[in-house]
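The values are calculated or read from the model by the stated rules, or taken from the named source; none is laboratory data. The model shown is predicted, which means the values in this text are computed figures rather than measured ones. Please note: Cβ atoms are built from the backbone with ideal geometry, for glycine as well, and neighbour counts cover all protein chains shown.
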Amino acid sequence: MTYVTSSELIQAIYRDPQTFHFTEIRQEMQVRVFQMPHEVSYSEELSQSFFPAHHRALVPGKIRSLLAAYARFAYSELSARVHTIESLPKGTPLAAGIVSPAAYNAAAKALYGATYHARETMGSFMQFDGVFHMVAGGLPLWLMPSARKGWEDVIEHSVEHVRFLRKSKLPLTDFMEMFIGEGDKHDWSDRVVANILAISLWAVQANTTWAIYWCIVFLLQHPEVPQAVLSELELARSRWISSHPESPLTPETFPEFLQDSPDAFPILTSCIHETLRLRSSSFSIRRVGTPTEFAGYHFDVDDQVVCNTRAVHMDERVYERAQEFVFDRFTDAGKKRAMLSGRSASPPFLPFGGGVSMCEGRHFAMGAMRAFITTLFTFYTVEVAPSSIGQFPEPQMERIGVGLTYASQNPLISTVLALPVVYFTYSLLKPCDPRSPPQVSYWIPWLGSALTMSRDPDEFFKGATEKLGPVFKVKAMGRNTTYVTSPSLIAAVYRDSKTFEFQTIRAKFSINAFSIPPHVVTMPQMTEDYYPAHHRVNAPKNIGSILTRYATYTFRHLRAKSLNFDGASGSLNSLMIMPAYVSAAHAFFSERFPAEKTYADFAKFNDAFHVIAAGLPKFMTAEPRKAWERVADVIEVYVKDEREKGEMTELVEATLNVGDSAGWDDHTMAAMLASDLWAMQANAIFAAYWFVVLLLQHPEDLQRINAEVLAANAKWKTTHPNTPLSETNFPQFMTELADQFPLITSGIMETLRLRTSNFSIRRVTTPTELDGFKFDVDDELICNLRVVHMDEEVHERPYDFVLDRYVDSGKKYSKNGVPVSNHSMPFGGGVSICEGRHFAQAEIKTFIVALLSIATVEVDEDPTATWPDLAMDRIGVGIISPKGDVNVIVNIIIFRHFISMLRHNEYVGSDANSGRIPGAEKATTGHHYISVFPKEGAPTQGKGERKPEEHMPPPTGRGGIADVSPDTSNQFTERLSTFRNSEPHVQDSQSQQPQPLSPAPDSRTVVDTDPFAEPTSAADTMTGATSKDVHGGIGKPGSGMTSAERHHEGSSHRKRNLQGLGQYGNADELFEE
């Protein structure tokens, strides 16, 4: 290549684009470096349509809105970064800690929209940009797989963004409108549009961010310069206050302040120019299109000429003290000095290149740099950390020819929150706009009221409501949101779903929290097919089969878990959570779903869900998000297996039907089902947990609930005397006796009232008023339902657990004398009301009834034990999680279904042992002899004896509920104590066996009336019977019947034994004599 370093010759090349071509250079770079498809890069549509449109979008007259947006985002991003680092005593790296993330995110959101995944793309972008100079120099990108993958990730994020914007109704920035419009015009695919978008992202970010960084470094190296810049800012601010007396300078008005003061910062503008002169290294490459003579030299076609603009900037003949940072070089004073030294007052300044390749985004870049630095120095002070004084970075000179140079090291800086006095005065004394909701006062920008709110949310919102009324604004974590706490206003918001819409909120939530692809969320099939199908599955008339499965699995898993406890102490969490989780998962997904395999990752995600929902950056929630991906991966494998088997539950079938018709892949459908898994598990299982905790804290209420369950069990035994409770008939039990649990039903609602914290979020779609306050388009309102639940005017003793609060369904609630119909809203309301609420309430009731039918639960009286507390940092997303746990003692009150829990004499009979059971002499050969315990009780198992499970014969089906009658609540404790210490008489269960056949001819069932009597000895059974006594034939032994007939009850071959109760005979046979 031929290099040109003279400013005059460089400008001559720029003036002759017909000889020195740039188009071919650009096309080759687009394909080789940026991976653009060849046919697009070399198309006329790109060169003759897109590039002119791109140029028009970035002319000075078109970028005012972009720069205003940039200033807003720059403030919010800087606030976020300062909040993150302000507690670090040693400071933080200037580039990585503040400038890079804040400038990158602000520019991306300003140009491409607030929904662009800026934080997610930054790491990938930096992987690519870090080796860009090598790729541009000719090194193939495939030799650097991490950089290639980084660039592909940026493109993929851009694809998702383009698809999201196409499907959504969100307004587009002018820049994005141009991109999508050109794509539609030329019928480009979303990936092509995204590829061009990613190239534009590189052009904006690769240089502007580092220019800002180097300018701040130069300011820190020359302490006198920041003072001059601050003086400019103070003067400009004074002018603003004089001309805008009604609009004090705040972060909200700062963008307008910058646009109205274009010439107010000559020193800062000069500093930016000087930074670009010193730290840019750009090569403008041209291809010779026709043989030519240039500067006395001959050039042939396809020769390449490189214009090295940095050589001009470093030329002492052009710039005095060219190697030094002269902050006022480009001010009027600096120009006069240049003239006095015999140099030009307007020397060549070429950091953006020149000619046809001049950077089209230079106007935006200059405005963005000025906005970022003025924002930083207006609202914060920045100083070099003591440990880094004198240790400033040097440019990486190997990165030449591609724009701004990188830094070899980053100085540490200390960032101190130091707003100007005028801003504090404004915050404290400014009059409120009577048409705008009042603001909860705060003194820390960006952070706002976050700390105060997190300490005691109930007290915070109660105090704000009492002081400011039921509609007010709260600033927290950079967001200023309006809260509504009045039940009547909340009802008004719910009723007007057109003005206060939920769909956009749901779409953003699905994307940001559950990782559902944006293009899927915005598809018409979501609203037209998926949501209706989902609604039908969860409708009350359709959940019967799901509840049946749930009742079966719950009884099974709770019985197994209770057997593990049986008299021992353990945590309540370990008793309840896993059985509830597995039972619900199996009910909705089938028993084949590996629920246990997903729980650890599910719990990790759920523990962080409140901060994910609050919008915490993804890099700060990477681990729980990875855990969530693993849950989705398990579901994806399960979905594929279910497809092969062709056996699906209602929810899975409905999801796959919609997904198949919409063209979703299995991973997308797995993500959808994963979100259902969270919805069914995250709240209901902890609601059941809290209900039991509250009952344990109120023993008298637990006694009432136990009596209610015991009465229902007794009623079942009366109507089904031969059918003890089991996992098979428990669903029938719950169906037939559903109305027998008024206290449990009331207690569930009371638990939900006390332990839920729900925010119903709505977006304003058209300018409107609520409670006399004005709201604009895109304003967000949060209906805080917990404030209603804790309102003393609505609920008497709102902070107390009142078990029977909801027993009277006709009870009237009111506030200020006005009836309140929406007094309890644990499931939200309006279009966002929880679709699974009917199942959830039945689920919790089923779980509690099953638990208390199987076992008793009481607090372990450990003096060091503590009760679980409320995790009040988890507000707004449903059930408030418990912090801590409580140990409980669990005792079985329902028999094991397969073997008794105590020692017993149970044998499968045969001729050899029939004498061991009194009365067995009446039985005929081939029958089973069953021993049952009398109600008086069984002997206690001795110390050191083996557990029954270790030596007992195969199960015989014994087991059932206690043979007890309903007791009054004041007799219950004494009765239960007696009941625990005895093993009552039980009926033989049919539930675990097939239906009985008719008894065999002449069969007898023998009942051991005293199984604890001394066993009959062998000698007692040797009565000296003759062969005639034991043979039924006539004459000699063996006559009349063959040996086979004698041993097979008259048949010539063995008959299969009867199954079920038929093998024992029936009551009529027992007592017929």
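Within segment 36-67, track down each residue that is buried (at least 16 other Cβ atoms within 10 Å of the Cβ) and of a type in the set (S, T, N, Q).
The answer is Ser41, Ser43.
Determine whether Phe801 is in a loop (DSSP other than H, G, I, E, B), surrounded by 20 or more Cβ atoms within 10 Å (Cβ to Cβ) and touching an Asp or Glu at 6+ places or on another chain (Cβ under 8 Å).
The answer is yes for Phe801.
Which one is nearest to Ser270 (Cα to Cα) among residues in segment 229-248 that are in contact (Cβ under 8 Å) with a residue 40 or more places away in the chain and of a type in the set (A, V, I, L, M, F, W, C)?
Val229
Looking at Glu528, Glu596, Glu591, can you tell me which residue is acidic (Asp, Glu), surrounded by fewer than 17 Cβ atoms within 10 Å (Cβ to Cβ) and not in a helix (DSSP H, G or I)? It would help to see each step written out before you state the result.
On the way: Glu528 fails: not in a helix (DSSP H, G or I); Glu596 fails: not in a helix (DSSP H, G or I).
Going through Glu528, Glu596, Glu591 in turn, the sole match is Glu591.
The rows are residues; the columns are (1) part of a helix (DSSP H, G or I); (2) at pLDDT 95 or above; (3) on the phi < 0 side of the Ramachandran plot.
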| residue | (1), (2), (3) |
| --- | --- |
| Lys640 | yes, no, yes |
| Glu647 | no, no, yes |
| Leu673 | yes, yes, yes |
| Met680 | yes, no, yes |
| Val692 | yes, yes, yes |
| Leu695 | yes, yes, yes |
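Consider Ser387 against the criteria (1) exposed (fewer than 14 other Cβ atoms within 10 Å of the Cβ); (2) of a type outside the set (A, V, I, L, M); (3) at pLDDT 75 or above; (4) not in a loop (DSSP other than H, G, I, E, B): it satisfies all of them except one. Which criterion is unmet?
(3)
Could you say which residue among Ala580, Ala568 is on the phi < 0 side of the Ramachandran plot, out of contact with any helix residue (DSSP H, G or I) (no Cβ under 8 Å at 6 or more places or on another chain) and in the same structural domain as Ile844 (by TED's automatic domain parsing)?
Only one candidate passes the filter, namely Ala568.
Output the number of residues of segment 738-785 satisfying the condition of being of a type outside the set (A, V, I, L, M, F, W, C) and assigned to a strand (DSSP E or B).
Counting residues in segment 738-785 that are of a type outside the set (A, V, I, L, M, F, W, C) and assigned to a strand (DSSP E or B) gives 11.
When you look at Arg625, is it of a type in the set (Lys, Arg), in a helix (DSSP H, G or I) and touching a Phe, Trp or Tyr at 6+ places or on another chain (Cβ under 9 Å), yes or no?
Working: of a type in the set (Lys, Arg): yes; in a helix (DSSP H, G or I): yes; touching a Phe, Trp or Tyr at 6+ places or on another chain (Cβ under 9 Å): yes.
When the stated conditions are applied, Arg625 passes them.
Tell me which of these Ser87 doesn't satisfy, since it passes every other one: (1) more than 25 Å from Arg166 (Cβ to Cβ); (2) part of a helix (DSSP H, G or I); (3) at pLDDT below 85.
(2)
So which pairs qualify, if the first residue must be in segment 37-59 and more than 12 Å from Ile196 (Cβ to Cβ), the second must be polar (S, T, N, Q) and surrounded by 13 or more Cβ atoms within 10 Å (Cβ to Cβ), the Cβ gap must be under 8 Å, and the two must be at least 6 apart or on different chains?
Once the first residue is more than 12 Å from Ile196 (Cβ to Cβ) and sits in segment 37-59, its partners that are polar (S, T, N, Q) and surrounded by 13 or more Cβ atoms within 10 Å (Cβ to Cβ) give Tyr42/Gln27; Ser47/Thr23.
Looking at Thr269, Thr331, Thr309, Thr374, which one is in contact (Cβ under 8 Å) with a residue 60 or more places away in the chain, within 26 Å of Ile25 (Cα to Cα) and either out of contact with any Cys (no Cβ under 6 Å at 6 or more places or on another chain) or hydrophobic (A, V, I, L, M, F, W, C) (or both)?
The match here is Thr309.
Can you tell me which of Ser853, Ser821 is modelled with pLDDT of 95 or more and either more than 30 Å from Val611 (Cβ to Cβ) or assigned to a helix (DSSP H, G or I) (or both)?
Ser853
Matching residues to (1) assigned to a helix (DSSP H, G or I); (2) crowded, with 17+ Cβ neighbours inside 10 Å:
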position: Ala236; (1), (2): yes, yes
position: Ile241; (1), (2): yes, no
position: Pro245; (1), (2): no, no
position: Pro248; (1), (2): no, yes
position: Pro251; (1), (2): no, yes
position: Pro255; (1), (2): yes, yes
position: Asp263; (1), (2): no, no
position: Ser270; (1), (2): yes, yes
position: Thr275; (1), (2): yes, yes
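Pick from segment 272-302 the residues that are among the β-branched types (Val, Ile, Thr) and touching a Lys or Arg at 6+ places or on another chain (Cβ under 9 Å): which of them is nearest to Gln18 (Cα to Cα)?
As a first pass, look at segment 272-302 and keep what is among the β-branched types (Val, Ile, Thr): 272, 275, 285, 288, 290, 292, 301.
Those still in the list that are touching a Lys or Arg at 6+ places or on another chain (Cβ under 9 Å) too: 272, 301.
Values: Ile272: 33, Val301: 12 Å.
For segment 272-302, the residue satisfying everything is Val301.
In the set Ala338, Ala365, Ala322, Ala345, which member is in contact with a Pro (Cβ under 9 Å, 6 or more places away or on another chain), on the phi < 0 side of the Ramachandran plot and among the small types (Gly, Ala, Ser)?
After applying the criteria, what remains is Ala338.
Is one or more of the residues making up segment 256-267 in contact with a Leu (Cβ under 8 Å, 6 or more places away or on another chain) and polar (S, T, N, Q)?
yes
Please go through segment 312-326 and pick out each residue that is among the acidic types (Asp, Glu) and either within 54 Å of the chain's Cα centre (by Cα) or closer than 19 Å to His222 by Cβ (or both).
Glu320, Glu324
Have a look at Gly659, Gly663, Gly646 and point out the one that is among the small types (Gly, Ala, Ser), touching a Ser or Thr at 6+ places or on another chain (Cβ under 8 Å) and either under 18 Å from His519 (Cβ atoms) or surrounded by fewer than 19 Cβ atoms within 10 Å (Cβ to Cβ) (or both).
Matching residue, one of Gly659, Gly663, Gly646: Gly659.
Any idea which of Ile844, Ile854, Ile761 is touching a strand residue (DSSP E or B) at 6+ places or on another chain (Cβ under 6 Å) and not aromatic (Phe, Trp, Tyr)?
Ile761 is the lone residue from the list that is touching a strand residue (DSSP E or B) at 6+ places or on another chain (Cβ under 6 Å) and not aromatic (Phe, Trp, Tyr).
Which of the residues spanning segment 201-218 are over 34 Å from the mean Cα position of the chain (by Cα) and among the aliphatic types (A, V, I, L, M)?
Listed by number, the residues that qualify are Ala211, Ile212, Ile216, Val217.
Give the residues of segment 248-301 that are out of contact with any strand residue (DSSP E or B) (no Cβ under 9 Å at 6 or more places or on another chain), of a type in the set (Asp, Glu) and at pLDDT 90 or above, sorted by residue number.
Glu274
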